[in-house]
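Notes for the one structure printed next.
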Amino acid sequence: MLEATQDYFEAIHDTDRTGALRAVDEALARGLRPEDVLFQVVLPAIERIRGPEGQACASSLAQQYMAAVIAAELTERMVPLFRSAPAVSCRVVMGNSRGDFHGLGRRIVVGCLRAMLMEVVDLGLNVAPEAFVDAAVSSGARVIGISSMMDHTARGEGGCRAVRRLLQERGLEGTIRLAVGGAPYRFDPEMYRAVGADVWAPDGLSAGQLIARLARGEAA
């Protein structure tokens, strides 16, 4: 187990997709159960890449992206092999705010959430406020995650402010939580309050973990 975990982490750290998949295949060949591969090899690598709680993330965007994307890929591969099918824990809606076309951070978050067995409705880029709320209502999602990589898309009326207002108008405030992330929030950590979000995260990996806790009804 320790060898598989270390081999997989080193491959992710080196952004070596082939090496990461080979480490998983070798672990399965040695008799490791698919459940153990996911929860004791793949997910711990996300934690290690992110770094210690409360410290600035030292990993690169490439490493974060690799950890999230491979985790999501392996989740789809491993789950059908589980001895008993796991239940989907919660649903989340994700997207970039209207006018925002920078999707890397969102894709990292989506990959992390799927690796945690969350069902994600990924709306993609340039999402209208109404689309966020409509998707959350129709899917039964508990959290809407809004990514904004530019100040004007974070603060503007096409972003979280408008989504919050729609939740209020439809009587959904408190039922559906709002999480935001992206470069503007790192420059101003209190901005999330100004735009009406419940929480924010400084990077894609921690955002996945934070949103998962919110969706399960845990404290942020």
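Using only Cα atoms, what Kirkwood radius does segment 2-81 have, in angstroms?
It works out to 12.5 Å.
Ranked highest first by the average count of other Cβ atoms within 10 Å around their residues, in what order do 37-45, 11-19, 91-99 fall?
Final packing ranking: 91-99, 37-45, 11-19.
When LEU123, LEU2 are ordered from fewest to most other Cβ atoms inside 10 Å of their Cβ, what list results?
Ascending number of Cβ neighbours within 10 Å: LEU2, LEU123.
Assuming a ≥ b ≥ c are the square roots of the Cα gyration tensor eigenvalues, decide whether segment 91-215 counts as rounded (a/c under 1.5), prolate (otherwise, with a/b larger than b/c) or oblate.
Rounded shape, in that the Cα axes give a/c under 1.5.
So who's got an amide H within less than 5 Å of the one on VAL180, skipping anything under 5 residues away but keeping other chains? H placed 1.01 Å off N, in plane.
So VAL180 has HN proximity to ILE146, VAL199, TRP200, ALA201.
If you bin the C-alpha pair distances of the chain every 10 Å from 0, what whole percents do you get?
That works out to 9, 35, 33, 17, 6, 0, in percent per bin.
Using the Cβ atoms and a cut-off under 13 Å, what net charge is assigned to the surroundings of GLU119, where Lys and Arg are +1 and Asp and Glu are -1?
Summing Lys/Arg as +1 and Asp/Glu as -1 gives +2.
Count charges around GLY196 for me, please; just the other residues with Cβ under 14 Å from its Cβ, Lys/Arg as +1, Asp/Glu as -1.
Net charge around GLY196: +1.
Mind checking the angle between helix 104-115 and the chain's longest principal axis? C-alpha axes, 0 to 90 degrees, to the nearest 10.
Value to nearest ten degrees: 60.
Just ILE146, ILE70, ILE108 to compare: in a GNM of the chain, with alpha carbon springs under 10 Å, which one fluctuates most?
Highest fluctuation among the options: ILE70.
Which length gain, in nm to one decimal place, applies between ASP151 and ARG216 when the Cα-Cα distance is subtracted from 0.36 nm times their residue separation?
Here the segment from ASP151 to ARG216 would lengthen by 20.4 nm.
Most fluctuating residue of GLY196, GLY158, GLY174 in a GNM of the chain with Cα springs under 10 Å: which is it?
The residue with the greatest mean-square fluctuation here is GLY174.
We did not get these values from a lab; they are worked out from the coordinates using the rules stated. Predicted model, so just to flag it, every value in this text is computed and none were measured. Methodologically, a virtual Cβ is constructed for each residue, glycine included, from the backbone with ideal geometry; neighbour enumeration extends over all protein chains shown.
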